[in-house]
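Single-structure report; data block below.
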Amino acid sequence: MVIRLQAQDVRFPPPELALKEPNGLLAVGGDLRPERLLNAYRNGIFPWFAEGDPILWWSPDPRAVFTPQSLHESRSMRRFRRQTQLTVTLNHDFAQVIAKCAEVHSHGEGTWITPAMAQAYAELYRLGYAHSIEVWDDTTLVGGMYGIGMGQVFCGESMFHTRTNASKLAFLVFAEHFFAAGGQLLDAQVPNPHLERLGMMTLPRPQFLHFLQRQQQNGGTIPKEFWQSRCLSTNRVAINDENS
């Protein structure tokens with residue numbers, strides 16, 4: 001059964017209690033205040049719901065992730081990176097990225113990035129937990145992604161593009177910089193063919209949760225300076241063996 005959360009309690013039931021169908025549905029209700037959202041991500045849980053629905057909390061099994069070893073770049077994408085005039089930035093325009101993600105996805109099956117979700121993640125950005133990656137053609141935003149940084153884990157939430165390869169460029173450039181700085185895992189939540197082409201692998205939920213717990217116990221992190229607003233080189237970045 002799906003567990004209903006108490007408004008005043010930010011704790012979650014164990015992710016192992018999540019349903020098998022629909023895969024990963026764990027709880028309903030609660031709110032989107034920072035304390036609850038951060039506690040969710042620390043425990044391998046994330047919100048995902050449509051506008052008009054109650055807040056739904058998920059922990060799917062298996063989990064879609066990227067590691068330094070699994071990251072894959074096609075030859076055509078390498079060629080694109082060498083030739084492109086697009087630029088990539090970090091934490092330059094979070095508000096526009098999340099708005100574009102909501103806009104682009106709303107043209108398909110509908111977006112889960114409701115006004116309440118956008119406001120909640122904007123607050124996490126203000127607090128230094130949420131981050132955005134932007135791809136620019138001169139001063140026009142043509143692609144990007146956003147997510148939550150939790151120590152050596154980055155939990156990707158959504159990406160968009162209005163120019164061919166722009167979202168791939170955002171992901172690959174950020175992933176290389178993140179892993180080179182000491183990042184250990186990129187959480188993509190649920191598998192899809194697009195992610196598989198970039199090197200996505202799956203972890204059974206127990207293994208994913210064990211990784212999160214071990215990382216928190218060890219206090220693993222990456223330098224705070226990494227998240228400063230700046231341009232990211234689109235050239236390939238070598239990932240240190242010790243971080244792989």
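The values are calculated or read from the model by the stated rules, or taken from the named source; none is laboratory data. Since the structure is predicted, the reported quantities are computational estimates derived from the model, not experimental observations. Quick reminder, even Gly has a Cβ in these numbers, built from the backbone with ideal geometry, and neighbours come from all protein chains shown. Side chains are part of the model used for accessible areas, which takes the heavy atoms of the whole protein and leaves out ligands, DNA and RNA. Shrake-Rupley method; radii C 1.70, N 1.55, O 1.52, S 1.80 Å.
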Checklist entry - For S70, are the conditions met, namely being part of a strand (DSSP E or B) and small (G, A, S)? => result no
Item to check | Scan of the stretch 121-130 for residues that are open to solvent by 10 Å² or more (accessible area, probe 1.4 Å) and in contact (Cβ under 8 Å) with a residue 40 or more places away in the chain, ordered by number | outcome: E123, L127, G128, Y129
Checklist entry - Condition test on A188, is it open to solvent by 10 Å² or more (accessible area, probe 1.4 Å) and touching a residue at least 12 places away in the same chain (Cβ under 8 Å)? => result yes
Checklist entry - Looking at the stretch 3-41, which of its residues are open to solvent by 50 Å² or more (accessible area, probe 1.4 Å) and not charged (D, E, K, R)? => result I3, Q6, A7, Q8, P14, L17, P22, N23
Checklist outcome for this item: Residues of the stretch 20-43 being under 19 Å from H131 (Cβ atoms) and of a type in the set (G, A, S), in sequence order, are A40
Checklist outcome for this item: For A188, the lone unmet condition from (1) of a type in the set (A, V, I, L, M); (2) within 15 Å of the chain's Cα centre (by Cα); (3) more than 16 Å from G149 (Cα to Cα) is (3)
Checklist outcome for this item: Within the stretch 204-244, the residues that are in contact with a Pro (Cβ under 7 Å, 6 or more places away or on another chain) and open to solvent by 20 Å² or more (accessible area, probe 1.4 Å) are P204, R205, I239, N243, S244
Item to check | Filtered residue count, the stretch 42-83, keeping only those that are open to solvent by 10 Å² or more (accessible area, probe 1.4 Å) and under 20 Å from the mean Cα position of the chain (by Cα) | outcome: 17
Checklist entry - Residues in the stretch 138-164 that are more than 21 Å from H105 (Cα to Cα), open to solvent by less than 20 Å² (accessible area, probe 1.4 Å) and not β-branched (V, I, T): how many? => result 2
Checklist entry - Under 9 Å by Cβ, and 6 or more places apart or on different chains, what pairs join a residue from the stretch 67-94 that is acidic (D, E) with one that is surrounded by fewer than 16 Cβ atoms within 10 Å (Cβ to Cβ)? => result E73/R236
Item to check | Positions within the stretch 121-149 being among the aliphatic types (A, V, I, L, M) and out of contact with any Ser or Thr (no Cβ under 9 Å at 6 or more places or on another chain), in sequence order | outcome: A122, L124, L127, A130, I148
Checklist entry - Which members of the stretch 204-226 meet the condition of being outside any helix (DSSP H, G or I) and not β-branched (V, I, T)? => result P204, G219, G220, P223
Checklist entry - Exactly one of (1) under 26 Å from S229 (Cβ atoms); (2) open to solvent by 30 Å² or more (accessible area, probe 1.4 Å); (3) among the hydrophobic types (A, V, I, L, M, F, W, C) is unmet by L86. Its number? => result (2)
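Yes or no, residue by residue, for (1) more than 29 Å from P14 (Cα to Cα); (2) aromatic (F, W, Y); (3) modelled with pLDDT under 90:
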site	(1), (2), (3)
L186	no, no, no
M201	no, no, no
W227	yes, yes, no
D241	yes, no, yes
Checklist entry - Quick one: R33 ticks every box in (1) free of Cβ contacts under 8 Å to residues at least 12 places away in the same chain; (2) farther than 20 Å from S158 by Cβ bar one, so which box is it? => result (1)
Checklist outcome for this item: Checked F160, F174, F154 against criteria (more than 21 Å from S76 (Cβ to Cβ) and of a type outside the set (G, A, S)); the one match is F154
